[in-house]
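Worksheet: one structure, shown below.
Laboratory data are not the source of any read-out in this text; all were calculated from the coordinates shown. This one's a predicted model, so the numbers in the text were calculated from it and none came from an experiment. Every residue, glycine among them, receives a Cβ derived from its backbone with ideal geometry; neighbour counts consider all protein chains shown.
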Amino acid sequence: MLLRSEFVMLAGQEEANVQGLCRRYGISRQTGYKWLRRAASDPGERFADRPRRPHSSPARTDAALEAKVLALRAAHPSWGGRKLARRLRDLGEPQVPAPSTITEILRRAGRLDPAEQAKHGPLQRFERARPNELWQMDFKGHFAHDTGRCHPLTVLDDCSRFSLALAACNNQRTATVRDRLAATFERYGLPEAMLLDNGSPWGNGPGDPYTPLGVWLLRLGIAISHSRPYHPQTLGKDERFHRSLKVEVLQGRRFRDLGDCQQAFDDWRQVYNLERPHEALDLAVPASRYQHSARTYPQQLPPIEYDAADHVRKVQDGGKVAFKARTCRLPKAFKGYPVAFRPTQFDGLWNVFFMTHKITQVDLRNRQDRH
């Protein structure tokens, strides 16, 4: 039942298509509306792991409230005063102390690390204007479990910070990533663009950004871009997500196998999306800002078509293409696919497109083609 509360929150978004959500989550309409009725009649039903708390408790003492703060902090050791205050309000606590008061409670109880506090300061943030405009994707550094190694694959919506995928993979191969992405696309739809790292399986390093995985994304109509080489901050939101994952899930913990890793990921992703107040969202939870994409994942890829005025050629082994009595070299990942040559305003200079995406440029005026 880990996805029930996610379904309820997303179904409550403005202009949400409940029937479509039921299909995405693999449930009947009767079941979906039953969950929504329960959530409307009893807010405690919305999240299975939330304790049921009374709306008021006049007899509560300061000591009891302090104990609740410390208990919540024990459950989430990396949360500060602002997150804890917001979570207490979300849980229905009638008398929530100010974040500064909660911080003082933590300090008195010896729950704060002064060295860790000094690392945090104000940040300037940039994000896309709407959900699904850009997704960030990367692998977090792999780690050992009792029977092998886990490679966490993470996909994050840039606007809402909603965690779309947190998968425990046993490798970083193209087929593995594609399978996980297909399942994510089936549930949440397609983004307009994705921001990727430069390494395998989504890049071959600086100068050759196209791989079979990237070509598959382009075929789905998803624009791709890559982070600046040796600048992980370009994928800053996903990198920040990795840091939270390390602190709140991985640090000091031992896992039996890949299934144990995935269970821990599923549990924490539920907390991250639906319970954990996010500093960048004015302490709202990511699920409150996310909406499913209107672009559905196609079960069959559409044919590749070009304009009648285009010069269409098929890419051969090694990325070779014969054009205008010359042999041009294109990225090898497009082997077997048709591409379109389109003239520029300069005679002899041609842009090369794969579907609607410009992938390179060739200069027939020189012996060396430009990539």
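Dividing the helix sum by the residues of the chain, where each DSSP H run of 4 or more adds -39500 (n - 2.57), gives a mean residue ellipticity at 222 nm of -9500 deg cm²/dmol. Report D for the chain in µm² per second (integer): Stokes-Einstein, Kirkwood Rh on Cα pairs, 4 °C, 1.567 mPa s. Calculated translational D: 55 µm²/s.
In this simple spin-label approximation, Thr31 and Thr176 carry label points 7 Å from Cα along the Cα→Cβ vector, and these lie 3.0 nm apart. At an R0 of 35 angstrom, the distance between the Cβ atoms of Lys314 and Gln263 translates into a FRET efficiency of 0.15. Computed from the Cβ-Cβ distance with R0 of 51 Å, the FRET efficiency linking Thr296 to Ala67 stands at 0.60. Remark: spin-label model distance Ala223-Phe346 equals 2.3 nm, labels positioned 7 Å along the Cα→Cβ axis. For a straight C-alpha distance cut-off of 20 angstrom, the aspartates and glutamates reachable from Lys335 (same-chain residues fewer than eight places away being disregarded) are Asp208, Glu305, Asp310, Asp317, Asp369. Distance between the pseudo-spin-label points of Ala183 and Lys358 (7 Å out from Cα toward the beta carbon): 3.8 nm. Computed from the C-beta positions of Lys335 and Ala16 and an R0 of 45 Å, the FRET efficiency is 0.60 to the nearest 0.05. Here's the list of lysines a cross-link from Lys332 could span, going by alpha-carbon distance under 23 Å and ignoring same-chain residues fewer than 8 apart: Lys314, Lys320, Lys324, Lys358. Taking packing as the residue-averaged number of other Cβ atoms within 10 angstrom, the listed peptides 301-307, 19-25 run from highest to lowest as 19-25, 301-307. Entry note, the stretch 132-284: relative contact order of 25 percent, from Cα contacts under 8 Å with a spacing of 6+ residues. Within a straight-line Cα-Cα reach of under 30 Å, Lys246 can be paired with the following lysines, leaving aside sequence neighbours fewer than 8 residues apart in one chain: Lys68, Lys83, Lys119, Lys140, Lys237. Fully extending the segment from Ser41 to Ser200, taken as 0.36 nm per residue of separation minus the present Cα-Cα distance, adds 52.3 nm. Pairs of Cα atoms nearer than 8 Å and 6+ residues apart set the relative contact order; for the chain it is 14 percent.
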